[in-house]
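A.B. asks: Take a look at this one; I'll ask things after.
Taken together, the values in this text are just the output of simple stated rules run on the coordinates, not laboratory data. Remember, it's a predicted structure, so these values are computed and weren't measured experimentally. Cβ: placed from backbone, ideal geometry, glycine included. Neighbour counts: every protein chain shown.
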């Protein structure tokens, strides 16, 4: 009589494979969360925000003469405290001015965020548009931004389009990056 070694059942191997894959994904996710911040991907403007047909919007976004790097460094801390235990950012209220390019030219938006334990607890926006169309889009953005960011961890903010305004989010994101740099604990 020949002896054979016991092999795990197909189900046991499947369970072990799924468990290993899940653990691997958890490690990758943890490492990704610990990694440095990446430059925000270039946002393609939405035709509803520019007043121009989508093809013209795309051309304006890919124009190398426009620059999102023209951010002002107006980050100012108006009230900051020590970071809560386990927090990355110091609690407090921070203000920065973000810039973006619209069909009407260079625009700015002043953003004030209040952080508690890395979570946005309040947001205020000051319209800094230099042309009437951009002013209208910023007003729409201002009316809807609180619902998008209050109660969200600052590192989890992902604002693409608010109340029909997609370009203003570029200025908002620029200001948030300045605030994050200022608030680092």
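A.B. asks: Taking neighbour Cβ counts within 10 Å as the exposure measure, how do 168, 95 sort from fewest upward?
C.D. replies: Lowest to highest Cβ neighbour count: 95, 168.
A.B. asks: Residue 140 to residue 160: extension gain in nm, 0.36 nm per residue of separation minus the Cα-Cα distance?
C.D. replies: Net length gain for the segment: 5.8 nm.
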